[in-house]
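Visitor: This is the structure, below, for whatever I ask next.
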Ligand code: 9MR
C-alpha cells in the first residue's frame, strides 16, 4: 500500500512538472570541483535601481573609447545569484571607470558589487588593477602632459592600488593584479607601464596590492595560454615574480575560444597542467566561445561577419554544446588544479562579443540565451559533469 502511495506521489510530481521545473544550479553541479563564476557589469549591479540606465565609456581593441548605453537587467541578476558562487567585475574596477581623473574616484558601482557578493555569500574577484587598456592617458603624464618619470609613475600606481584594494580590504577576496602583460611570442608587452618603469612594475604591482590587503589572493591574468610560446612567456613572468618574492597566488587563463578555429584540446589540457606546476592556483577566468567568423582587419559590419541574426542554426548549437562539453571534461579532469571557472558575461545578450571587435553583431557564446534560458550547451555541460563527478565518488 505504501509503495503504491509513493508511486502515485512520484507520478503526480512528474506530471505536474515539479521535479523537472527546478533547473540545476551550476554552482551545485560543480560544488565538488571548483567555484563557478561570472563577470557582471552595471546592468546587473544596478539591476534593482531601474532609473540607473546610463551611458558609459567602453574601449574597443584599439583602445579607442566610445559611448554606449547600459540598460538595467534584473532577470540577469537573478540568474547570476541562482547559478554562480563567484563574481568578477567586468569593467567597473578598471582604472578608467573607478579612477577617471586625477584625484577622482567613483566607487558607486563597485560598492554595490560588493554588497551583492556579500548578500549572496560569493567569492569576489576584482578585475583589474594594472592593464595597458582602459587606463586613461593622464595616468602616465604630469599636469603639463609630459611623460612621468619612473618614480612618479610608481607613486601613482601605489596610490591607485592602495586606494582601490584598501577600500575593499577583507571584502573583495581576490584581484587580477596585472592583466595581459605578455605578447604572443612570449616577450613582455611594451606597455607604458613597462616603458616607463621597466619589468619591475610587475613586482611592484603585486607588492602594493599585498600591502593594501595582506589577506587578498593576488593573480596574474592573460589570454591565449593555449599557445605554447605565449604560455612559456607567462610561466617565465610568474617565475620572475616568485624569484623576486612578489606575493602571487594564482594565474588566470582567460579562455576566449572561437568555434571556427578551435584550439587543440591537448594544448588546453597541457596549459592547465603546466600552469599548475607553478604551485599556485589556476583559474579559467573569462570563458566564452565566439561562434562568428573572426573579422581580421575588417572593421565594416557585413552579413558574412554576422550570419545568425535570426537565431543560431541547430547544427551550430550542437557544435557549441560539444565544444563546451569537451572543455568541461578537461576542466573536471584537472579539478585538483583548477579552483574556479568564470564565464565572461551572463547571457548572450550582454556578451562583449556582440560589440567587439565589431559593433552590432549577434553572437551566441554563452550557456544562456538572450531570453535568459539555458541553451543546449548548458544541459550538455551539466549532464556530463554529473556523470563525471558521480564516477569519481
Ligand atoms: O568585456 C569587456 C568590455 O565590456 C570592454 O569594452 C573591453 C574593453 O577592452 O574589455 C572587455 O573585457 C576584457 C577583459 O577586461 C580582459 N580580457 C579580454 C576581455 C574581453 O575583451
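Visitor: In whole Å, how far is the Cα centre of region 33-47 from that of region 144-164?
Guide: After rounding, the separation between the Cα centres reads 30 Å.
Visitor: Could you order the peptides 215-223, 265-273 from most to least packed, using the average number of other C-beta atoms within 10 Å per residue?
Guide: 215-223, 265-273
Visitor: Modelling each spin label as a point 7 Å along the Cα-to-Cβ direction, I'd like the residue 133/residue 294 distance in nm, to one decimal.
Guide: So the two model labels end up 1.4 nm from each other.
Visitor: Report for the chain the percent antiparallel among DSSP-assigned beta bridges with both residues inside it, nearest 5.
Guide: Around 20 percent antiparallel, to the nearest 5.
Visitor: Follow-up question, since we're still on this one. Let a ≥ b ≥ c be the square roots of the eigenvalues of the Cα gyration tensor of region 281-339; is it rounded (a/c under 1.5), or, if not, prolate (a/b larger than b/c) or oblate?
Guide: oblate
Visitor: If you take the beta carbon distance between residue 71 and residue 171 as r and set R0 to 35 Å, what does 1/(1 + (r/R0)^6) give as a FRET efficiency, to the nearest 0.05?
Guide: In this case the efficiency is close to 0.80.
Visitor: Using a simple spin-label model with points 7 Å from Cα along the Cα→Cβ vector, what separation in nm is obtained for residue 183 and residue 195?
Guide: 1.4
Visitor: Rounded to a whole number of µm²/s, how large is the Stokes-Einstein D of the chain at 37 °C and 0.692 mPa s, given Rh as the Kirkwood radius over C-alpha pairs?
Guide: Answer from the Stokes-Einstein relation: 148 µm²/s.
Visitor: Let me ask something additional. Which length gain, in nm to one decimal place, applies between residue 108 and residue 162 when the Cα-Cα distance is subtracted from 0.36 nm times their residue separation?
Guide: 17.7 nm is the gain from fully extending residue 108 to residue 162.
Visitor: When N counts the residues of region 318-393, how does its alpha-carbon radius of gyration compare numerically with 2.2 N^0.38 Å, as a ratio?
Guide: 1.23
Visitor: In percent, what relative contact order does region 252-319 have, based on Cα pairs under 8 Å that are 6 or more apart in sequence?
Guide: 40
Visitor: Where the Cα atoms of region 97-215 are projected onto their three principal axes, how long is each span, largest first, in whole Å?
Guide: Computed over the Cα atoms, the extents are 44, 35, 23 Å.
Visitor: Calculate, in nm to one decimal, what residue 301 and residue 262 gain on full extension: separation in residues at 0.36 nm each, minus their alpha carbon distance.
Guide: My answer for the length gained is 11.8 nm.
Visitor: Could you work out the mean projected area of the convex hull around the alpha carbons of region 90-167, in square nanometres to one decimal?
Guide: For the Cα atoms of region 90-167, the hull's average projected area reads 5.3 nm².
Visitor: Another question, if that's okay. Between residue 310 and residue 386, what is 0.36 nm times their sequence separation minus the Cα-Cα distance? Round to one decimal in nm.
Guide: Fully extending the segment from residue 310 to residue 386 adds 24.1 nm.
Visitor: Of the peptides 93-100, 237-244, how do they stack up when ordered by the mean number of other Cβ atoms within 10 Å, highest first?
Guide: Going by the mean number of other Cβ atoms within 10 Å, highest first, we get 93-100, 237-244.
Visitor: Still on this structure, please answer the following. With labels modelled as points extended 7 Å from the Cα through the Cβ direction, what inter-label distance (nm, one decimal) is found for residue 370 paired with residue 120?
Guide: My value for the distance between the label points is 2.4 nm.
Values in this text are rule-based calculations from the coordinates and carry no lab data. Given the structure is predicted, the values throughout are model-derived calculations rather than measurements. Positions of Cβ are generated from backbone atoms using ideal geometry, with glycine treated the same way; all protein chains shown enter the neighbour counts.
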